């Protein structure tokens, strides 16, 4: 039984991940923002210092801002960075301390297709997710000698609260890009991450795109 932490645990994907890992027999902590605000270093320090350590940290907390460059103010640029990139760094750093002591652990970063293929208006979101890829590859090399893995998962377009306000025309455009003609699901993503953690112990530094869009 592993100890699993899922940031952004009250979201649609967060709940699916928690259910899947509990079904696999793991002990799961899935804090929402009220318990773990990844943008607040004090909150991060308090949360991780109050737990004995985790075998797996899934960095799932996310925020999106779709704003064209001409209308993008500092706040619109900074929010995705603070949640998606800086927040992931803060939590990974805090969790890695106990992982280094036990010489085992796994960091899974939830990234996005937009890291390499952002739409117009997704400059901040795409940049924040692209930053995760460099972070994953660097941490895999840095932490690998201590038997700590780092991987990124790109789930694809999911039906979550983050995509509730996407227009039907945009949703249709996204769907047409999928070779299989269907979207991924939170449950499928969760099953993949359970398999990655429990059954692929020699895999680290990888980016896994889970939908059927080329590239």
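Let's see how each residue does on (1) assigned to a helix (DSSP H, G or I); (2) modelled with pLDDT under 95; (3) under 11 Å from the mean Cα position of the chain (by Cα); (4) surrounded by fewer than 21 Cβ atoms within 10 Å (Cβ to Cβ):
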residue	(1), (2), (3), (4)
77	yes, yes, no, yes
80	yes, no, no, no
83	yes, no, yes, no
95	yes, no, no, no
99	yes, no, no, no
Does segment 105-116 hold any residues that are touching a helix residue (DSSP H, G or I) at 6+ places or on another chain (Cβ under 8 Å) and in contact (Cβ under 8 Å) with a residue 40 or more places away in the chain, and which are they? 105, 106, 107, 108, 109, 110, 111, 112, 116
So residue 134 ticks every box in (1) surrounded by 15 or more Cβ atoms within 10 Å (Cβ to Cβ); (2) part of a helix (DSSP H, G or I) but one. Which box is left unticked? (1)
Residue count, segment 21-63, condition touching a residue at least 60 places away in the same chain (Cβ under 8 Å), farther than 22 Å from residue 143 by Cα and surrounded by 22 or more Cβ atoms within 10 Å (Cβ to Cβ), comes to 2
Would you confirm whether or not segment 104-112 contains a residue that is surrounded by fewer than 20 Cβ atoms within 10 Å (Cβ to Cβ) and closer than 24 Å to residue 192 by Cα? yes
Please verify whether segment 155-175 includes one or more residues that are crowded, with 16+ Cβ neighbours inside 10 Å, touching a strand residue (DSSP E or B) at 6+ places or on another chain (Cβ under 8 Å) and in contact (Cβ under 8 Å) with a residue 12 or more places away in the chain. yes
Of all residues in segment 2-20 being over 18 Å from residue 187 (Cβ atoms) and within 14 Å of the chain's Cα centre (by Cα), the one that is surrounded by the most Cβ atoms within 10 Å (Cβ to Cβ): 7
Checking residue 58 against (1) in contact with a strand residue (DSSP E or B) (Cβ under 6 Å, 6 or more places away or on another chain); (2) in a loop (DSSP other than H, G, I, E, B); (3) closer than 23 Å to residue 157 by Cβ: exactly one of these is not met. Which one? (2)
With respect to residue 132, determine if the residue is touching a residue at least 40 places away in the same chain (Cβ under 8 Å), within 30 Å of residue 99 (Cα to Cα) and under 13 Å from the mean Cα position of the chain (by Cα). yes
May I ask you to list the residues in segment 160-215 that are within 15 Å of the chain's Cα centre (by Cα), modelled with pLDDT under 95 and assigned to a loop (DSSP other than H, G, I, E, B)? 160
Among (1) under 26 Å from residue 115 (Cβ atoms); (2) touching a strand residue (DSSP E or B) at 6+ places or on another chain (Cβ under 8 Å); (3) surrounded by fewer than 15 Cβ atoms within 10 Å (Cβ to Cβ), where does residue 71 come up short? (2)
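The values are calculated or read from the model by the stated rules, or taken from the named source; none is laboratory data. Remember, predicted model here, so these are calculated numbers, not experimental data. So basically every Cβ, Gly included, is an ideal-geometry build from the backbone, and we count neighbours across all protein chains shown.
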